[in-house]
């Protein structure tokens, strides 16, 4: 696997991105590392200002809502200034788009605060949501429907990591529907039925567009973003697991479970919904309408499971800024290399000797490729996990040299490795943890924490390859130029021939280290390993 290197580093840059939405104003401040390229969220700010509570007769933004918004934006400016953001990129969406005085309001903000806010169309909002999702999740060239339920609109995107196939924005949102269609508390059966019927009708065109852009036989997966969906995920996690995963990225729940939650919430009044664990007071006002949008979308598309992505419009604004400022040369390359960039970002964070790690990774992947079909049958996915663990295996030195393999595990496990499922992060962390000292044992908490038997087997069989690769660069000078593997099936023996980089080098330290580590390989694959310098 080839990967970007961390050479010719540019200085880190800080950027603030603001989303002026119908329900809330959100801001993220990010640290951009142009050399990878990647960004890390270093601060967040949110204010529920309810711009969507417009005058019911005129549709105008109210003076009270505009005042709340300006106060929130002033706080955002102060935070961005304190964090040395070189720019503030702000966008406004549904509520400001539709209000007759929306553009006047943006002009007022510019006059009072000196802050320019870009009013974007529904489709442009969907495009940037897509970029935000792609900065945080790997779609693996599989079709996904992304849904973002806002206060005033719902965006639906169909894509597989390349150019989006469908971008739509529909005027159904949690705040809008709650204000226009929910007059009873708890919601009456007739209002609830009307709400469902209306949502289905409004979503029909967007759903048809998605279906028209699916190839025959394709069944898309679904990714959900936004506060409404995250709140539903938190409620589900508290009930099913007793805890809320951190981060929430990658968490899943089913349409069946969603229907159960919706059925309960619609029978509760406002005070009772506010008391539900995981529910904020303001969210409880609009959660039923928002949940119905999600429920009906999943039902119409025949999708049974949704996966949470914590990145959305704000992060998409960051990606778009990076693209326009030449920090990402090729958007599609950026979108397809989320995992690599994330790993390299963590490597940089913990001061990894990248030259050594890249040599180890190259040797480990070469061993993986040569032994595939001989002693193992793992494929591209497992190969990528081996690469990540090889790059990060020594990151524990950031804490201490002593027991650094254990420190590596905890640093990897608790880092923001984007694009990986939780079990994959656990596997990478365990592979790094077992690059030295003892083999995996059932009594080890770290090894037991891998929930999947398949991924435990990945650790059992791939950690010996990482050990051999580390041993082959024992002096961290690139002493071994090449390794050749020959499998003598009749003898159940693997011969490993090493070619030194310098002909006069006997590679004594590497041979000693390999001799010390080879027992792990022999136990994992039940073969004898013979190691020699190529003659």
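Quick notes on this one:
- Restricting attention to the range 363-389, the residues that are out of contact with any helix residue (DSSP H, G or I) (no Cβ under 6 Å at 6 or more places or on another chain), over 19 Å from residue 412 (Cβ atoms) and touching a residue at least 24 places away in the same chain (Cβ under 8 Å) add up to 5.
- Failed condition for residue 435, given (1) under 23 Å from residue 383 (Cβ atoms); (2) out of contact with any strand residue (DSSP E or B) (no Cβ under 6 Å at 6 or more places or on another chain); (3) not in a loop (DSSP other than H, G, I, E, B): (3)
- Qualifying residue in the range 44-56 (condition: part of a loop (DSSP other than H, G, I, E, B), at pLDDT below 95, farther than 30 Å from residue 98 by Cβ and not assigned by TED's automatic domain parsing to the domain that holds residue 386): no
- Residues located in the range 188-222, provided they are touching a strand residue (DSSP E or B) at 6+ places or on another chain (Cβ under 9 Å) and not in a helix (DSSP H, G or I): 213, 214, 220, 221, 222
- If you go through the range 390-417 and keep only what is in contact with a helix residue (DSSP H, G or I) (Cβ under 7 Å, 6 or more places away or on another chain), outside any helix (DSSP H, G or I) and touching a residue at least 12 places away in the same chain (Cβ under 8 Å), you end up with 393, 394, 399, 415, 417.
- Members of the range 298-338 found to be over 29 Å from residue 211 (Cα atoms) and either at pLDDT below 85 or assigned by TED's automatic domain parsing to the domain that holds residue 167 (or both), listed by number: 323, 324, 325, 326, 327, 328, 329
- Residue check, residue 185 farther than 30 Å from residue 323 by Cβ and part of a loop (DSSP other than H, G, I, E, B): yes
- One residue alone among 15, 61, 73 is modelled with pLDDT of 95 or more and part of a helix (DSSP H, G or I), and that residue is 73.
- Residue check for residue 247: surrounded by fewer than 16 Cβ atoms within 10 Å (Cβ to Cβ), over 25 Å from the mean Cα position of the chain (by Cα) and not in a helix (DSSP H, G or I): no
- The condition of being within 29 Å of the chain's Cα centre (by Cα), within 30 Å of residue 39 (Cα to Cα) and either part of a helix (DSSP H, G or I) or outside the structural domain of residue 188 (by TED's automatic domain parsing) (or both) holds for residue 294.
- Among the residues of the range 499-535, those that are in contact with a strand residue (DSSP E or B) (Cβ under 8 Å, 6 or more places away or on another chain), without any contact (Cβ under 8 Å) to a residue 40 or more places away in the chain, under 16 Å from residue 363 (Cβ atoms) and assigned to a helix (DSSP H, G or I) comprise 510, 511.
- Residues of the range 149-165 classified as touching a strand residue (DSSP E or B) at 6+ places or on another chain (Cβ under 6 Å), under 30 Å from residue 54 (Cα atoms) and assigned to a strand (DSSP E or B), total: 4
- With respect to the conditions (1) touching a residue at least 12 places away in the same chain (Cβ under 8 Å); (2) in a helix (DSSP H, G or I), residue 263 falls short on a single one, namely (1).
- If the condition is being in a helix (DSSP H, G or I) and buried (at least 20 other Cβ atoms within 10 Å of the Cβ), then the range 76-101 contributes 76, 80, 94, 95, 96.
- So residue 375, is it at pLDDT 90 or above and not assigned by TED's automatic domain parsing to the domain that holds residue 44: yes
- Residue 258 being at pLDDT 95 or above, within 27 Å of the chain's Cα centre (by Cα) and either farther than 15 Å from residue 174 by Cα or surrounded by 14 or more Cβ atoms within 10 Å (Cβ to Cβ) (or both): yes
- Some residue of the range 450-457 being loosely packed, with under 14 Cβ neighbours inside 10 Å and assigned to a loop (DSSP other than H, G, I, E, B): yes
- Any hit, the range 428-437, residues being over 18 Å from residue 462 (Cβ atoms), modelled with pLDDT of 95 or more and in contact with a helix residue (DSSP H, G or I) (Cβ under 6 Å, 6 or more places away or on another chain): no
- Filter pass, residue 418 being in contact with a strand residue (DSSP E or B) (Cβ under 9 Å, 6 or more places away or on another chain) and modelled with pLDDT under 90: yes
- Filtered residues of the range 53-75 (kept if crowded, with 16+ Cβ neighbours inside 10 Å and either closer than 16 Å to residue 31 by Cα or touching a strand residue (DSSP E or B) at 6+ places or on another chain (Cβ under 8 Å) (or both)): 68, 69, 72, 73
- Criterion: more than 15 Å from residue 51 (Cα to Cα) and crowded, with 19+ Cβ neighbours inside 10 Å - qualifying residue of 109, 129: 129
- Checking 188, 178, 153 one by one, the residue that is surrounded by fewer than 20 Cβ atoms within 10 Å (Cβ to Cβ) and either within 29 Å of residue 214 (Cα to Cα) or outside the structural domain of residue 50 (by TED's automatic domain parsing) (or both) is 188 and no other.
The values are calculated or read from the model by the stated rules, or taken from the named source; none is laboratory data. From a predicted model like this one, the values you see are computed outputs, not experimental measurements. Cβ atoms come from the backbone with ideal geometry, glycine included; neighbour counts cover every protein chain shown.
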